[in-house]
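Read through the structure below, which is laid out as structure tokens, and then see the notes.
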Amino acid sequence: MPESSNSAIASTSSGPLEPVALVEMQGISKAYPGCLANDAIDISLQAGRVHALLGENGAGKSTLVKILYGLLASDSGSIRWQGKPVDIDSPATARELGIAMVFQHFSLFDSLSVLENIALGMDVDANDRLRQQIIDVSQRYGLPLDPERSVYSLSVGERQRIEIIRCLLQEPRLLIMDEPTSVLTPAEVSDLFDTLERLASEGLAILYISHKLEEIRRLCDEATILRAGRKVAEADPRAESARSLAALMMGSDVPPASIRGSVATGEVLLSLEGLSHVASDSHGISLHGLDLQVRAGEIVGIAGVAGNGQDELMQVLIGETRLQRADSLMVCGRAVGRLDPGERRRLGLCCVPEERLGHAAVPTLSLSDNAFLTAHHRKPMCNAGLVSHKLSREFAEQIIERFKVRCHGPGSLASSLSGGNLQKFIVGREILQSPKVLVVSQPTWGVDAGAANAIHEAIQALANEGAAVLIVSQDLDELMQASNRIGGLCAGRLSAFFPTLETTVQKVGLLMGGSHS
């Protein structure tokens, strides 16, 4: 890893030697049709410092870092690397300078192994030398990975480790991280922060994008805040509160979200009764005798460390995996274990899977088309057996307006949205179908504080209207805030469930670790 002694030094005739910024972006502007994504932004990054880039979803953060990484060309402005002008016209150029980036949306091939994916990303041979390097780096930085595992068998959190290790193997001078902790548990976050602090002490510059403001306050030395494409402030995160940082991002105070009250006593709308399933993949997690009831008007939270059966449980609930015992999964009093996803939707079960781009939404389709994909089971969107583009567009417009999705309208491709805005669209699409049962994984992954509150309020409003809601998340703060009852999933087994207002984060952590009471 780079040493801090590599930083460039500039001398002046009137004073001592001063370090030159590793990177300076000056007057960076980038416009899209109908949108000024970056408006004359200046930002300076120093070696050995962790610099936060903050802003609402759609504030221009992703555009700015894509310009720095060579994925986009700015319309105007300049970039200096160690005081010298540079033209970063491609990611290859960025990597040659020493810039590496961990993306919010992973760029991995599911059918290839960890080793093969890292080799492709680094343009090297997938040989024994690289295999050993992966093992060494993963052990050194507490990010365990098996080089031979196929990516399709990994959880989202494990896939993220591939991206991080791939970057660290390149021995970068600047590491850009876009929402790196969105799917990590508190223990994993702590380990990652230890890694980043060690890297910064070795002279690495880190540009860190996150909506988790307490993390920013703990980790980052300085922050640049964007709003609507403009730089509006610089701040010392450790001298600010999470609330004041949110106010800088939003332009106003963010009201605290309400906490759920007592346990609901309505009729059972979702029931798991001795639900078991043997994983078809050798690296998958089998589910063992799961018992759970979710009642009308209730929000139940399931906490768990990545790779403990969350993916398998979601596949079973959605209908992507069928059960041998149909009555081990009941929706609104009907046995659905053998029904396909469409049949379950028509009965009232709507779902938000964890992976939004590629699973919950098709990247190359418009928002209008993505709205149709799930909603046509529950809403009139066809005429005489043909797709009604008018009705699909109107529903997409309703989602965009209701959930304040920043985009260029219902014709926008799903891939063109920021991660947080796409998440708002997907959650909104399911909620506005008025489901009787909503199952959602990682509901606020990668969204800003204001959007997270809006999503939680929409979920709570749905429950208040009599729906049963099941949230599967690794974010304990989210579950403690949003749920009536909470339990843990470990090694494919569910713990007992407890009223959220009568438990603690520490107790839930034990449930996540395998304690069942």
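Here, each number is a calculation from the coordinates, and none is a lab measurement. Not measured: the values here are computed from a predicted model. FYI the Cβ positions are ideal-geometry reconstructions off the backbone, even for glycines, and counts take in every protein chain you see.
The angle between the Cα long axis of helix 419-431 and the main principal axis of the chain comes to about 10°, on a 0 to 90 degree scale.
If you take the beta carbon distance between Asp477 and Arg129 as r and set R0 to 41 Å, what does 1/(1 + (r/R0)^6) give as a FRET efficiency, to the nearest 0.05? According to the calculation, E is roughly 0.45.
Excluding same-chain neighbours fewer than eight residues apart, the lysines reachable from Lys390 by a Cα-Cα span under 29 Å are Lys379, Lys404, Lys424, Lys436.
Distant-in-sequence amide contacts of Glu298, defined by a placed amide H-H separation under 5 Å and a gap of 5 or more residues or a different chain, comprise Val469.
Summarising the label geometry, the points placed 7 Å from Cα in the beta-carbon direction at Glu465 and Thr503 lie 2.8 nm from one another.
Report, to two decimal places, the Cα Rg of segment 392-440 normalised by 2.2 N^0.38 Å (N = number of residues).
Rg over 2.2 N^0.38 Å, computed on Cα atoms: 1.10.
So how tilted is helix 128-140 from the main axis of the chain? Cα-based, degrees 0 to 90, rounded to 10. Rounded to the nearest ten degrees, it is 80. The largest-to-smallest principal axis extents of the Cα set in segment 360-433 are 36, 23, 19 Å.
For the pair Asp39 and Ser415, what calculated FRET efficiency results from E = 1/(1 + (r/R0)^6), where r is the Cβ-Cβ distance and R0 = 25 Å, to the nearest 0.05?
0.60
Per residue of the chain, the DSSP helices (runs of n ≥ 4 H) give a summed -39500 (n - 2.57) that works out to -9500 deg cm²/dmol at 222 nm.
Full extension from Arg338 to Tyr32: what is 0.36 nm times the residue separation minus their Cα-Cα distance, to one decimal in nm?
Gain on extension, Arg338 to Tyr32, equals 105.5 nm.
Were the residues from Asp327 through Arg402 laid out at 0.36 nm apart, the gain over their Cα-Cα distance would be 23.4 nm. Highest average first, the peptides 448-455, 237-244 ordered by how many other beta carbon atoms sit within 10 Å of their residues are 448-455, 237-244. Simple rule: put +1 on each Lys or Arg Cβ and -1 on each Asp or Glu Cβ in the chain, find the dipole, and look at Leu53, Val387, Gly319; the Cα lying farthest toward the positive end is Val387.
The residues neighbouring Arg325, those whose beta-carbon lies less than 11 Å from its own, together hold a net charge of 0 under the Lys/Arg +1, Asp/Glu -1 convention.
Normalised size of segment 323-398, defined as Cα radius of gyration per 2.2 N^0.38 Å with N residues, equals 1.26.
Annotation for Glu214 and Phe109: the two label points, set 7 Å from Cα along the Cα-Cβ direction, are 4.1 nm apart. Remark: spin-label model distance Asp291-Val362 equals 4.3 nm, labels positioned 7 Å along the Cα→Cβ axis.
When the P(r) of the chain is calculated, the portion above 31 Å amounts to 47% of the C-alpha pairs. Diffusion of segment 67-189 by Stokes-Einstein, at 10 °C in a medium of 1.306 mPa s and with Rh set to the Kirkwood radius over alpha-carbon pairs, works out to 103 µm²/s. Once the chain from Arg346 to Glu320 is taken as fully extended at 0.36 nm per residue, the excess over their C-alpha distance is 7.8 nm. Which percent of the Cα-Cα distances in segment 425-479 go past 13 Å? Of all Cα-Cα distances in segment 425-479, 56 percent exceed 13 Å. Normalised by 2.2 N^0.38 Å, where N is the number of residues, the C-alpha radius of gyration of segment 386-517 stands at 1.20. Cα centroids of segment 18-97 and segment 335-398: 38 Å apart.
Here segment 484-498 and segment 263-284 have alpha carbon centers that stand 11 Å from each other.
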